[in-house]
Amino acid sequence: MTNIRNPQSPHWRPWLDVAHRCVVPFTSFAEPEPRPDGSRPPAWFAFGETRPLAFFAGIWCRWTSVRKAKDGETTDDLFGFLTTQANHEVGAIHPKAMPVILTTGEEIDRWMTAPIDDALRLQRPLPDGTLTIVARATPEDPPPRQ
């Protein structure tokens, strides 16, 4: 998994076709929060305390390499997700970037099926006030719904 800031880079261009696009489900995501003591514990962001399911715009590929010497050469499915300029909430913790988050079924369909120039228009920050910090240091997931 990796962040993809510049999908127009020659490194990423081969993976931008529809066959390599995916959505990455999440309920919350973390960014390291710098503290005065030099530590950087995670701040967890979500669409609210109940952490509803949402999706990052992603790219996947099948890759053959040696990831661990003891395993030798393996073929693995890898993914990354697009990032963009941070909105206000994420930028207060991590000013460089935030994930590209798809918020509607229409946006998911567009990411998965549209020509790349149209799909990449989704690479934008969420409006300010959309995300909240739901935990600090540990994920503290809410109990499963009954």
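Choose one answer from Leu126, Leu102, Leu53: the residue with the largest mean-square fluctuation in a GNM of the chain with alpha-carbon springs under 10 Å. Per the Cα network of the chain with a 10 Å cutoff, Leu53 tops the list. Each part reduced to its alpha carbon centroid, segment 72-101 and segment 1-64 end up 3 Å apart.
With a point put 7 Å past each Cα toward its Cβ, work out how far Phe26 is from Ala92 in nm, to one decimal. Reported label-point gap for Phe26 and Ala92 is 1.8 nm.
Principal axis extents of the Cα atoms in segment 20-86, from largest to smallest and rounded to whole angstrom, are 41, 32, 24. For the chain, the 222 nm mean residue ellipticity estimated from helices alone, with every DSSP H stretch of n ≥ 4 adding -39500 (n - 2.57) and the total spread over all residues, rounds to -2500 deg cm²/dmol.
3J(HN,Hα) along segment 116-129, derived from phi through the Karplus expression 6.51 cos²θ - 1.76 cosθ + 1.60 where θ = phi - 60°, amounts to 4, 4, 6, 4, 6, 5, 6, 7, 8, x, 5, x, 4, x Hz, with x in place of Gly and Pro. The residues Lys96, Lys68, when put in order of fewest to most other Cβ atoms within 10 Å, stand as Lys68, Lys96. Quick check on segment 1-48: take the gyration tensor over C-alpha atoms, sort the square-rooted eigenvalues as a ≥ b ≥ c, and tell me if it's rounded (a/c under 1.5), prolate or oblate. Here segment 1-48 falls in the oblate category.
Relative contact order for segment 1-63: 37 percent, from Cα pairs under 8 Å spaced at least 6 residues apart, divided by residue count. One equal scatterer on each Cα of the chain, no solvent, Debye formula: the resulting log10 I(q)/I(0) at q = 0.12 Å⁻¹ is -0.58. What number, in percent, do you get for the relative contact order of the chain if the mean sequence gap of Cα pairs under 8 Å and at least 6 apart is divided by its residue count? For the chain, the relative contact order is 28 percent.
The residues neighbouring Ala114, those whose beta-carbon lies less than 12 Å from its own, together hold a net charge of -3 under the Lys/Arg +1, Asp/Glu -1 convention. Classification of segment 66-145 by its C-alpha gyration tensor yields an oblate form. The axis ratio a/c (a ≥ b ≥ c) is 1.5 or more, and b/c is at least a/b. Over the Cα atoms of segment 49-88, each weighted equally, I'd like the Debye log10 I(q)/I(0) at q = 0.16 Å⁻¹, rounded to two decimals. Taking Cα atoms of segment 49-88 as identical point scatterers yields -0.65. Loop-resident GluC sites (Glu not before Pro) (DSSP state other than H, G, I, E or B) in segment 41-137 with no more than 14 further Cβ atoms inside 10 Å of their Cβ: Glu49.
Throughout, read-outs are computed from the coordinates displayed, never taken from laboratory work. On a predicted model such as this, the values are computed, not experimentally measured, just so you know. Because the Cβ atoms are built from the backbone with ideal geometry, glycine has one as well, and the counts that use them run over all protein chains shown.
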